[in-house]
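The values are calculated or read from the model by the stated rules, or taken from the named source; none is laboratory data. Just so you know, these numbers come straight off a predicted model, no measurement behind them. Backbone-built Cβ (ideal geometry, glycine too); neighbour counts: all protein chains shown. Note: areas computed on protein heavy atoms with side chains; ligands, DNA, RNA excluded. Shrake-Rupley method; radii C 1.70, N 1.55, O 1.52, S 1.80 Å.
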Amino acid sequence: MSNALLEVRALNAWYGESHVLHGVDLDIREGETVTLLGRNGAGKTTTLRAIMGILRRREGAIRLRGRDLLALPLHRVAQTGLGYVPEERGIFASLSVEENLALPPKVADGGMSIEEIYHLFPNLYERRHSQGTKLSGGEQQMLAIARILRTGASLILLDEPTEGLAPVIVQRIGDVLVALKERGMTILLVEQNFRFARKVADRFYLMEDGRMVNSFPGNELDSHMDELHSVLGV
Ligand code: ATP
């Protein structure tokens, strides 16, 4: 696919001697929300970690706006406008919401101000003096996303943002993703909850055993249900 913002080609990755990704291809266009689906252990998180460069043993190509990310040291990757919200969220538990929001360095142009963040996440404003440990799972997830938005990232990688959250909070996270899409954000979402993902995904990739097994537009999800159930093991 031409004019992709992020282009992953024939990506192989290893944890030590363990070969986990086998020739992964992935494209994301500017402004697109792409969802990676697959069961536990399929390699979704590993794909995100390999793109970010947290996992260093990689072969293949990863290009962001044509720029080769494989050659960049980890601390330079965030400066390219790539943001990562890991499954474990990565907020500072001992600090308040406001302190968490004050901390991320502005690594690229266009980072949201704290005022903009509070506009997008009114509940974080209400909880601005609360310590990270006092937040609910949903609030922690929103804070984790908000911290990445502060950095000015234009492509965000989200690892299972809805995991373990109550349906009403899942809905709220979906609303946030829609609002980010409307602002032109490009999103790579890892999800097991495809009912949630279908509300935001422009395109799906299905992953199995470290390989991409299919890709199709969001509005074709229904015609891929049998395959989806087999890939997700549900
Ligand atoms: P999950 O939803 O469970 O996170 P996933 O699709 O994200 O699933 P990965 O976490 O990417 O899957 O795991 C892919 C494979 O890599 C699995 O076989 C897993 O056991 C293995 N793996 C993951 N992390 C490590 C690690 N730190 N060291 C060695 N192997 C790992």
Need pairs with beta-carbon distance below 6 Å; first residue in contact (Cβ under 8 Å) with a residue 60 or more places away in the chain and within region 147-163, second surrounded by fewer than 22 Cβ atoms within 10 Å (Cβ to Cβ) and among the small types (Gly, Ala, Ser); sequence gap 6+ or separate chains. Thr151/Gly111; Gly152/Ala108; Gly152/Gly110; Gly152/Gly111; Ala153/Gly81; Ser154/Gly81
Examine region 30-43 for a residue that is surrounded by fewer than 22 Cβ atoms within 10 Å (Cβ to Cβ), hydroxyl-bearing (Ser, Thr, Tyr) and away from the ligand (no atom under 16 Å from the Cβ), and state whether such a residue exists. no
Under 24 Å from Leu48 (Cβ atoms) and modelled with pLDDT of 95 or more: which single residue out of Leu149, Leu103, Leu158 fits that description? Leu158
Given (1) among the hydroxyl-bearing types (Ser, Thr, Tyr); (2) surrounded by fewer than 13 Cβ atoms within 10 Å (Cβ to Cβ); (3) touching a residue at least 60 places away in the same chain (Cβ under 8 Å), index of the condition Thr133 fails: (3)
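Tell me the residue from Leu95, Leu124 that is of a type in the set (A, V, I, L, M, F, W, C), over 17 Å from Ser154 (Cα atoms) and open to solvent by 40 Å² or more (accessible area, probe 1.4 Å), please.
Result: Leu95 is the single residue among Leu95, Leu124 that is of a type in the set (A, V, I, L, M, F, W, C), over 17 Å from Ser154 (Cα atoms) and open to solvent by 40 Å² or more (accessible area, probe 1.4 Å).
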Would you list the helices (runs of 4 or more DSSP H) that sit entirely within region 1-111 and hold 3 or more residues that are touching a residue at least 60 places away in the same chain (Cβ under 8 Å) and under 13 Å from Gly210 (Cβ atoms)? 44-52
